[in-house]
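J.: Would you mind keeping the following structure in view while I ask a few things?
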Amino acid sequence: MAPAEVIIIDLVLIDGELGMVKLTADGVLEAIEYGEPSRYWTVKKDVLGFVVEGKRIRIKTVVEREEGICCGEFGGDYSRKDFVFEPFSEDARNRFCFRLRRYLDSLGRPKRLLVFVNPFGGKKSAKQIFEKEVKPLFEDADIYLDVQETKYQLHAKEMVTSMDVSKYDGIVCVSGDGVLVEVVNGLLQRADWKTVFKLPIGIIPAGTGNGMIKSLLDPVGLQCCANSATISIIRGHTRSLDVATISQGATKFFSVLMLAWGLVADIDIESEKFRWMGSARIDFYAIQRIICLRQYNGRVLFLPAPGFESYGQPASYRLYKETPVRDKALGYQGPDTKFEDLEWREIKGPFVSVWLHNVPWGAENNLVAPAAKFSDGFLDLIVLKNCPKLALLSLMTQISEGTHVQSPYVAYLKVKAFALEPGALVGEPDKEGIIDADGEVLARGRSTYKCDQIALMSYDKLQITVDQGLATLFSPEY
């Protein structure tokens, strides 16, 4: 293979000694020092930016750490390490800066970002994480930031629904998964959703769940931490993400993570009463719920993905469709599905839990759907019916490794569309359940936790369809 074309090469001073710097067309920056081995950087991967300091040029680089610190501590997979050199003339300095800037600009990295910081999520550390870990890296990469601090729930959704986002190259959520979901729903409710929803969305983990960013970083061996997530955004790589439309009549909710009903939803929502316990509240309440196990009547219907046609029994079902409306008048109305001629299947209750997932990780320590893909056009369905309590307790401890789906008590399959008909508790017809979508209550049945609060949907039949690859996320390069 022929060597790459040299874009620029110059004699310079490196630490006061004569040396040479070279930039090639394939984006390799080389520093040559007399008596020392050459040093190399791949601009695309290693160089954040550069700055001129008097006669010197400072190249701002990142290097991979052998050992990082997990999410919640300052650290991660990368550390900053600069390379400084001094060209022999102003013309040489300007020439090198021009060539390097032109190469960096050719990479398609974001230059202007809208950043939402949620100070209330998780350990309430988002502001500190942003100021100490995220902002310095974006500044080193010469990225302009428009920082908006959310003041209350749905604040980010309100802002993106009405503000001019055309001047940005992406939107970043310094939060858990909640602000991401708000941004998705806000953009898709706009009349110009087809244009604005092309903006890539980035996630910096600073909340309780962090399932989406864990799903992005884990496959390439990166830790779920602000350092790794920020570097991934700076590099500008993106990937597509399926978006699920949950419909009940004319009411819609756009989901990118999960839907849960039964045991998982009860634990997620009802454990809020023990929030003072921190993350231990989930495990504590899970044990309580398994000891006093609930089962729910109901039915799930689905269109199986290829290879999963043996699950359930044949069923008759037609997707509910609204009267078409003009795109100019309303936002996104869900995917244009044509499933009428396909064979629906059903599984009847009672159920312990029904879980529908779009990405592998539900939280940093929960590999709920190990076979889930970001943009395959399918959702992963996990159904748990009859299960002894001791086996269920063991099964719940396996979620961190994703081995729970191998249990004989679990049905794990992929679906193209889904409908849920939730019922009452077995033996207690006056008590119903909770439906949880992306970590928030979508519907509350009778006699449930905080049942007096109004939810987006009623505890009744709803359906879910998938739009393959509709959203775009900043992502590591796979």
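The values are calculated or read from the model by the stated rules, or taken from the named source; none is laboratory data. Keep in mind that this is a model prediction, so the values were computed, not measured. Reconstructed Cβ throughout: ideal geometry from the backbone, glycine too, with neighbour counts over all protein chains shown. Only protein heavy atoms, including side chains, enter the accessible area calculation; ligands, DNA and RNA are left aside. Shrake-Rupley method; radii C 1.70, N 1.55, O 1.52, S 1.80 Å.
J.: Looking at this structure, is Val63 in contact with a Lys or Arg (Cβ under 7 Å, 6 or more places away or on another chain), at pLDDT below 95 and either more than 16 Å from Val134 (Cβ to Cβ) or crowded, with 21+ Cβ neighbours inside 10 Å (or both)? Full working, then the answer.
T.: On the way: in contact with a Lys or Arg (Cβ under 7 Å, 6 or more places away or on another chain): yes; at pLDDT below 95: yes; either more than 16 Å from Val134 (Cβ to Cβ) or crowded, with 21+ Cβ neighbours inside 10 Å (or both): yes.
Yes.
J.: Then there is this: I'd like to know if the stretch 393-407 contains one or more residues that are part of a loop (DSSP other than H, G, I, E, B), in contact (Cβ under 8 Å) with a residue 60 or more places away in the chain and surrounded by fewer than 17 Cβ atoms within 10 Å (Cβ to Cβ).
T.: no
J.: Answer yes if at least one residue in the stretch 95-103 is in contact with a strand residue (DSSP E or B) (Cβ under 9 Å, 6 or more places away or on another chain), of a type outside the set (Ser, Thr, Tyr) and crowded, with 19+ Cβ neighbours inside 10 Å, and no otherwise.
T.: Looking through the stretch 95-103, at least one residue is in contact with a strand residue (DSSP E or B) (Cβ under 9 Å, 6 or more places away or on another chain), of a type outside the set (Ser, Thr, Tyr) and crowded, with 19+ Cβ neighbours inside 10 Å.
J.: Another question about this same structure. Got a sec? Which of Glu432, Glu440, Glu421 is in contact with a Gly (Cβ under 6 Å, 6 or more places away or on another chain) and either surrounded by 22 or more Cβ atoms within 10 Å (Cβ to Cβ) or modelled with pLDDT under 95 (or both)?
T.: Glu432
J.: In the stretch 329-373, which residues are aliphatic (A, V, I, L, M), within 22 Å of Arg318 (Cβ to Cβ) and surrounded by fewer than 22 Cβ atoms within 10 Å (Cβ to Cβ)?
T.: Leu342, Ile347
J.: Now a separate question. So in the stretch 350-368, with the set limited to residues that are assigned to a strand (DSSP E or B) and of a type outside the set (A, V, I, L, M, F, W, C), which one is nearest to Lys389 (Cα to Cα)?
T.: Among those residues, the one meeting the criterion is Ser353.
Conditions (1) under 30 Å from Glu272 (Cα atoms); (2) open to solvent by 20 Å² or more (accessible area, probe 1.4 Å); (3) not in a loop (DSSP other than H, G, I, E, B), marked per residue:
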site	(1), (2), (3)
Val147	yes, yes, yes
Tyr168	no, no, no
Gly178	yes, yes, yes
Glu182	yes, yes, yes
Lys194	no, yes, yes
Pro219	no, yes, yes
Arg239	no, yes, yes
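J.: Name the one entry in Asp82, Asp91 that is in a helix (DSSP H, G or I) and of a type outside the set (Ser, Thr, Tyr).
T.: Asp91
J.: Also, quick follow-up: Out of all the residues in the stretch 203-211, is one or more surrounded by fewer than 24 Cβ atoms within 10 Å (Cβ to Cβ), in contact (Cβ under 8 Å) with a residue 60 or more places away in the chain and of a type in the set (A, V, I, L, M, F, W, C)?
T.: no
J.: So, in the stretch 408-418, of the ones that are more than 16 Å from Lys348 (Cα to Cα) and either in a helix (DSSP H, G or I) or touching a strand residue (DSSP E or B) at 6+ places or on another chain (Cβ under 8 Å) (or both), which residue ends up most open to solvent (accessible area, probe 1.4 Å)?
T.: Filtering the stretch 408-418 for residues that are more than 16 Å from Lys348 (Cα to Cα) and either in a helix (DSSP H, G or I) or touching a strand residue (DSSP E or B) at 6+ places or on another chain (Cβ under 8 Å) (or both), the one most open to solvent (accessible area, probe 1.4 Å) comes out as Lys416.
J.: Something else: Scan the stretch 164-179 for residues that are closer than 16 Å to Glu149 by Cβ, touching a residue at least 60 places away in the same chain (Cβ under 8 Å) and in contact with a helix residue (DSSP H, G or I) (Cβ under 7 Å, 6 or more places away or on another chain) and jot them down.
T.: Val172, Val179
J.: Now for a separate question. Do the conditions hold for Asp142, that is, is it within 17 Å of Ile233 (Cβ to Cβ), assigned to a loop (DSSP other than H, G, I, E, B) and open to solvent by 20 Å² or more (accessible area, probe 1.4 Å)?
T.: Criteria met by Asp142.
J.: Please work out if Leu381 is among the hydrophobic types (A, V, I, L, M, F, W, C) and either open to solvent by 40 Å² or more (accessible area, probe 1.4 Å) or more than 17 Å from Trp361 (Cβ to Cβ) (or both).
T.: Against the criterion (among the hydrophobic types (A, V, I, L, M, F, W, C) and either open to solvent by 40 Å² or more (accessible area, probe 1.4 Å) or more than 17 Å from Trp361 (Cβ to Cβ) (or both)), Leu381 does not qualify.
For (1) at pLDDT 80 or above; (2) touching an Asp or Glu at 6+ places or on another chain (Cβ under 7 Å); (3) within 26 Å of Asp266 (Cβ to Cβ), each residue gets a yes or a no:
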{"residue": "Gly307", "(1), (2), (3)": "yes, no, no"}
{"residue": "Tyr320", "(1), (2), (3)": "no, no, no"}
{"residue": "Trp344", "(1), (2), (3)": "yes, no, no"}
{"residue": "His357", "(1), (2), (3)": "yes, yes, yes"}
{"residue": "Asn366", "(1), (2), (3)": "yes, no, yes"}
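J.: All but one of (1) among the acidic types (Asp, Glu); (2) assigned to a helix (DSSP H, G or I); (3) more than 30 Å from Thr61 (Cα to Cα) hold for Glu133; which doesn't?
T.: (3)
J.: If you don't mind, another one. If you go through the stretch 1-59 one residue at a time, how many are outside any strand (DSSP E or B) and surrounded by fewer than 19 Cβ atoms within 10 Å (Cβ to Cβ)?
T.: 18
J.: Which members of the stretch 266-318 meet the condition of being without any contact (Cβ under 8 Å) to a residue 24 or more places away in the chain and β-branched (Val, Ile, Thr)?
T.: Ile267, Ile282
J.: May I ask you to list the residues in the stretch 429-468 that are basic (Lys, Arg), over 22 Å from Tyr332 (Cα atoms) and part of a loop (DSSP other than H, G, I, E, B)?
T.: Once the filter is applied, which keeps residues that are basic (Lys, Arg), over 22 Å from Tyr332 (Cα atoms) and part of a loop (DSSP other than H, G, I, E, B), the stretch 429-468 yields Lys431, Arg446, Lys450.
J.: So is Asp142 over 20 Å from the mean Cα position of the chain (by Cα) and of a type in the set (D, E, K, R) or not?
T.: Yes, satisfied.
J.: What are the residues in the stretch 276-321 that are β-branched (Val, Ile, Thr) and either open to solvent by 50 Å² or more (accessible area, probe 1.4 Å) or outside any strand (DSSP E or B) (or both), if any?
T.: First, pick out the residues of the stretch 276-321 that are β-branched (Val, Ile, Thr): 282, 287, 290-291, 300.
Listed by number, the residues that qualify are Ile282, Ile287, Ile290, Ile291.
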